[in-house]
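Below is one structure, written out as structure tokens; the observations come after it.
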Amino acid sequence: MKNKYDVMLILEGTYPFNGGGVSTWAHMLCNKVRNVDYTLYSINADFETKPKYEMSESVKNIIQVPLWSPLEPQELLSYGKRYYKTVNRKEQEDESNIETVFIPIFERLLAHIYDVNADVEEIDETIFDMWQFFQKHDYKKTMKSLAVWKSFCKTLSAVIAKDGHYEATLYDFTVGMRWIYRFLIPISIDVPKVDISHLTLSGFPVIPALVLKYKYGTPIMATEHGVFIRERLIAINSSEYSFFLKNLLIKFSECITRLVYYKADIILSVNKFNMSWEKMYGAHPNKIDVIYNGIDHELFVPAPKPTHLEGIPTVVAAARIFELKDVITMIKSCGVAKETIPNVRYLVYGDNNAVPEYTKECNDLIKKLGLEKNFFLAGYHDKPHQLFCEGDISILTSISEGFPYTVLESMSCGIPVVATDVGGVTEALDETCGFICKPKDHVAIGNSVVTLLQDEALRKQMGAAARKKVIDNFTIDKFIKEYEVAYEYLLNRKAQEPIYLNTHLQEAMEAS
């Protein structure tokens, strides 16, 4: 076996161009894993000019796929095929191939999307047939052809007629087709041969991993952070899309999620909570194991509170300002805490520009509740290991999480946490380290903040317990070692061997 394996790490909207928990996780892998060289396959909305992170020597290549840019990805970037071949293919495209070969494949895919009982093997065969078609035919010309548009409208009109409970406008059909067009773009992009493809979410980014599997038999590792389908359902149901569009997006997402769990050779969850969702969408229990996130407990250490905050009861948070972090509930909890502690201060560090309309909603609520001197959206903090020591306690009010780094980082700094009971939070945080509250319960969250801020002895006791728990269970060395073993295990197991990961991965760990 060679000293280092080649792994394609497939990401969407995160590393290396954007921050957040998944990016923190990916940056650790790229910097610390010793038996792997990485190719980053980064799916973004638009073309990004510069990574946000300094790249490790282990990162040998970055493939960027801007799905929503005005120009097609292949019109912006080279993916290894000579441009004249692309132009020649477009000029020679035969409309009859679209109608006789592609449309039956496309209609099968639409049927799978709307069939909750669709056989996942047949879904896989359909995606494979589509990939084969685009090996010889132009994606843009095919998907934007009048024949495909008519097929889409005819097929989905029949679905609507059969249901009989909703309608769809021309706008709905246009947006729906545009979604399918954009999500499937990677099926037409060639990828370099690697030893393993490593997904960072169980959704549409599976497509480049499928291309590798179809072309080279490349094994797929999937790491589940926040469960893709759960977070997708939350986002879609709270959106203002029409019923037709919500229904299409939910069903398409569920279809792809089932395919991910079927095709993945190993599913590594960051918490035990995710497992019930994975099994619900067809993941075989023998494929699933847990590798908890880890942090550098020698970097995230207790430190004195900054002088300018001494005497001010301070709550800190590290959170990108968007819906899943539920900053609205955090603001309301500040209002509750202010009733007892008038000079309480919340400092929330994170990207204020991720969802501008949500940031505006937060600022409007701060003004409405008269919290301009209490609650601050403080923007980006360039020293995250010092962030939590600015507070007496930290807070997390998310409605969905995987295994949040912010909780571990706060605990490692000896800062107790008030957090919502979501994802794997309670697998890290227990009653000895902080308070757990129900999501959106701003009164209970606010009262927990008050209790901790008013009881210094309890804060110190919980802070010490929190740091000990991180050192005992969630160090970066343990996290990295488990991924090194998982990569090794996946490539060395026999193809016909059952993936009894809970037993075999543990045996591999012990042997190493």
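Quickly run through the range 431-447 and pick out the residues that are of a type outside the set (A, V, I, L, M, F, W, C) and closer than 19 Å to residue 408 by Cβ. Explain how you work it out, then say what you get.
Start the filter on the range 431-447 by keeping residues that are of a type outside the set (A, V, I, L, M, F, W, C), which leaves 431-432, 434, 438-442, 446-447.
Residues satisfying the conditions are 431, 432, 434.
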Next on the checklist: Could you go through the range 377-397 and let me know if any residue there is of a type in the set (A, V, I, L, M, F, W, C) and assigned to a loop (DSSP other than H, G, I, E, B).
Outcome noted: no
Checklist entry - Among the residues of the range 351-365, is there at least one that is modelled with pLDDT of 95 or more, buried (at least 24 other Cβ atoms within 10 Å of the Cβ) and farther than 28 Å from residue 474 by Cβ? => result no
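Out of the residues in the range 339-350 that are outside any strand (DSSP E or B) and at pLDDT 95 or above, state the one that is nearest to the chain's Cα centre (by Cα).
Here is the first cut: in the range 339-350, the ones outside any strand (DSSP E or B) are 339-344, 350.
So of that shortlist, the ones also at pLDDT 95 or above come out as 339-344.
Numbers: 339: 37, 340: 38, 341: 37, 342: 38, 343: 37, 344: 33 Å.
Going through the qualifying residues, I end up with 344.
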Checklist entry - Which of (1) open to solvent by 40 Å² or more (accessible area, probe 1.4 Å); (2) at pLDDT below 95 does residue 233 not meet, given it meets every other one? => result (1)
Checklist entry - Would the range 318-337 turn up any residue that is closer than 28 Å to residue 456 by Cβ, in contact (Cβ under 8 Å) with a residue 24 or more places away in the chain, open to solvent by 70 Å² or more (accessible area, probe 1.4 Å) and among the charged types (D, E, K, R)? => result yes
Checklist outcome for this item: Contact list, first residue from the range 259-288 and farther than 11 Å from residue 222 by Cβ, second anywhere and among the hydroxyl-bearing types (Ser, Thr, Tyr) and assigned to a loop (DSSP other than H, G, I, E, B), beta-carbon distance below 7 Å, six or more apart or interchain, is 270/292; 286/500
Item to check | Odd one out for residue 399, checked against (1) closer than 25 Å to residue 342 by Cα; (2) hydrophobic (A, V, I, L, M, F, W, C); (3) touching a Pro at 6+ places or on another chain (Cβ under 7 Å); (4) open to solvent by 10 Å² or more (accessible area, probe 1.4 Å) | outcome: (1)
Checklist outcome for this item: Among the residues of the range 275-296, the number that are in a helix (DSSP H, G or I) and either open to solvent by less than 10 Å² (accessible area, probe 1.4 Å) or of a type in the set (S, T, N, Q) (or both) is 3
Next on the checklist: Quick check on this structure: which one of 301, 260 is in a helix (DSSP H, G or I) and either open to solvent by less than 10 Å² (accessible area, probe 1.4 Å) or of a type in the set (A, V, I, L, M) (or both)?
Outcome noted: 260
Checklist entry - Would you pick out the residues in the range 15-58 that are open to solvent by 20 Å² or more (accessible area, probe 1.4 Å) and touching a Gly at 6+ places or on another chain (Cβ under 9 Å)? => result 19, 20, 21, 22, 28, 45, 52, 53
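Go over the candidates 213, 150 one by one and state the one that is of a type in the set (D, E, K, R) and under 22 Å from residue 120 (Cα atoms). It would help to see each step written out before you state the result.
Working: 150 fails: under 22 Å from residue 120 (Cα atoms).
After ruling out the rest, the residue left standing is 213.
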Checklist entry - Can you spot a residue in the range 116-130 that is in a loop (DSSP other than H, G, I, E, B) and touching a Phe, Trp or Tyr at 6+ places or on another chain (Cβ under 7 Å)? => result no
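Quick grid of which residues meet (1) within 16 Å of residue 201 (Cα to Cα); (2) part of a loop (DSSP other than H, G, I, E, B):
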residue: 16; (1), (2): yes, yes
residue: 38; (1), (2): no, no
residue: 43; (1), (2): yes, no
residue: 48; (1), (2): no, yes
residue: 51; (1), (2): no, yes
residue: 70; (1), (2): no, yes
Item to check | Evaluation of residue 272 against (1) of a type outside the set (A, V, I, L, M, F, W, C); (2) open to solvent by 40 Å² or more (accessible area, probe 1.4 Å); (3) assigned to a strand (DSSP E or B) (one fails), failing number | outcome: (3)
Checklist entry - Would you say residue 188 is modelled with pLDDT under 95, touching an Asp or Glu at 6+ places or on another chain (Cβ under 9 Å) and of a type outside the set (D, E, K, R)? => result yes
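Do we have any residue at all in the range 309-316 that's in contact (Cβ under 8 Å) with a residue 60 or more places away in the chain, part of a strand (DSSP E or B) and out of contact with any Lys or Arg (no Cβ under 8 Å at 6 or more places or on another chain)? Break it down into steps so the answer makes sense when it comes.
From the range 309-316, those in contact (Cβ under 8 Å) with a residue 60 or more places away in the chain are 309, 313-316; that's our starting set.
Restricting the remaining residues to those that are part of a strand (DSSP E or B) gives 314-316.
Filter once more, so that each one left must be out of contact with any Lys or Arg (no Cβ under 8 Å at 6 or more places or on another chain): 316.
Yes, the range 309-316 has at least one match.
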Checklist entry - Which one is modelled with the lowest pLDDT, of the residues in the range 398-444 that are among the hydroxyl-bearing types (Ser, Thr, Tyr) and in a loop (DSSP other than H, G, I, E, B)? => result 400
Item to check | Residue that is of a type outside the set (Gly, Ala, Ser) and under 26 Å from residue 421 (Cβ atoms), where the choices are 339, 357 | outcome: 339
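The values are calculated or read from the model by the stated rules, or taken from the named source; none is laboratory data. Not measured: the values here are computed from a predicted model. Using ideal geometry, Cβ is built from the backbone for each residue, glycine included, and neighbour counts are taken over all protein chains shown. We work out accessible area using only protein heavy atoms, side chains counted, and drop any ligands, DNA or RNA first. Shrake-Rupley method; radii C 1.70, N 1.55, O 1.52, S 1.80 Å.
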